[in-house]
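Notes follow once the structure below has been shown.
The values are calculated or read from the model by the stated rules, or taken from the named source; none is laboratory data. Note that the structure is a prediction, hence the values are computed from the model and not measured. Positions of Cβ are generated from backbone atoms using ideal geometry, with glycine treated the same way; all protein chains shown enter the neighbour counts.
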């Protein structure tokens, strides 16, 4: 009987040790999914801004608004849209976003302190 109790206790201790690592891994997977989704959204924002820019490259406010309107489920205060014309017939829209991870260790390893700056650039020829 004593041997059976110690085996149950050992299993409980092993589970307690593994549970913390498992939860940290699940939170990391969750943050990775959120980061990929956020990058896809800002890439779409840059693309839509560039599409608006090829029609009327002089209306920067309309380009910025077109890019910001595609920022679904993102904090608009963390979104930065920059419009430039690097060439004669090229419009460039750059969108940056400060992504804050839920997992404490993720941002410290991959970001600048507590945030990870995501950036997407779209370039298109002006019609």
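Looking at region 105-112, can you tell me whether even one residue there is surrounded by 18 or more Cβ atoms within 10 Å (Cβ to Cβ), in contact with a helix residue (DSSP H, G or I) (Cβ under 7 Å, 6 or more places away or on another chain) and assigned to a helix (DSSP H, G or I)? Before the answer, list the steps.
Taking region 105-112 and keeping what is surrounded by 18 or more Cβ atoms within 10 Å (Cβ to Cβ), we get 106-107.
Pick out the ones that are also in contact with a helix residue (DSSP H, G or I) (Cβ under 7 Å, 6 or more places away or on another chain) and you get 106.
Narrowing further to those that are assigned to a helix (DSSP H, G or I): 106.
Yes, region 105-112 contains at least one residue that is surrounded by 18 or more Cβ atoms within 10 Å (Cβ to Cβ), in contact with a helix residue (DSSP H, G or I) (Cβ under 7 Å, 6 or more places away or on another chain) and assigned to a helix (DSSP H, G or I).
Residue under question is residue 26, and the condition is that it be at pLDDT below 95, under 20 Å from the mean Cα position of the chain (by Cα) and not in a strand (DSSP E or B); does it hold?
On the way: at pLDDT below 95: yes; under 20 Å from the mean Cα position of the chain (by Cα): yes; not in a strand (DSSP E or B): yes.
So residue 26 fits the description; yes.
Take the conditions closer than 30 Å to residue 109 by Cβ and touching a helix residue (DSSP H, G or I) at 6+ places or on another chain (Cβ under 7 Å) and apply them to residue 81. Does it pass? So that I can check it myself, show each step before the final result.
On the way: closer than 30 Å to residue 109 by Cβ: yes; touching a helix residue (DSSP H, G or I) at 6+ places or on another chain (Cβ under 7 Å): yes.
When the stated conditions are applied, residue 81 passes them.
Among the residues of region 40-76, write down those that are surrounded by fewer than 16 Cβ atoms within 10 Å (Cβ to Cβ) and under 19 Å from residue 98 (Cβ atoms).
40, 72, 73, 75, 76
Can you go through 20, 33, 9, 28 and tell me which one is within 20 Å of residue 118 (Cα to Cα), surrounded by fewer than 17 Cβ atoms within 10 Å (Cβ to Cβ) and without any contact (Cβ under 8 Å) to a residue 12 or more places away in the chain?
Working: 20 fails: within 20 Å of residue 118 (Cα to Cα); 9 fails: within 20 Å of residue 118 (Cα to Cα); 28 fails: without any contact (Cβ under 8 Å) to a residue 12 or more places away in the chain.
From the options 20, 33, 9, 28, the qualifying one is 33.
Can you find a residue in region 101-118 that is over 30 Å from residue 24 (Cα atoms), in contact (Cβ under 8 Å) with a residue 60 or more places away in the chain and within 22 Å of the chain's Cα centre (by Cα)? Working first, answer last.
We begin by selecting, within region 101-118, every residue over 30 Å from residue 24 (Cα atoms); these are none.
Checked against the condition, which is being over 30 Å from residue 24 (Cα atoms), in contact (Cβ under 8 Å) with a residue 60 or more places away in the chain and within 22 Å of the chain's Cα centre (by Cα), region 101-118 yields no hits at all.
For region 71-80: of the residues being touching a strand residue (DSSP E or B) at 6+ places or on another chain (Cβ under 9 Å) and closer than 12 Å to residue 45 by Cα, which is modelled with the highest pLDDT?
Only one residue tops the list, namely 80.
Within region 38-61, count every residue that is assigned to a helix (DSSP H, G or I) and free of Cβ contacts under 8 Å to residues at least 12 places away in the same chain. Quick ask: steps written out before the conclusion?
Restricting attention to region 38-61, the residues satisfying the condition of being assigned to a helix (DSSP H, G or I) are 38-55, 60-61.
Restricting the remaining residues to those that are free of Cβ contacts under 8 Å to residues at least 12 places away in the same chain gives 40, 61.
Selection size over region 38-61: 2.
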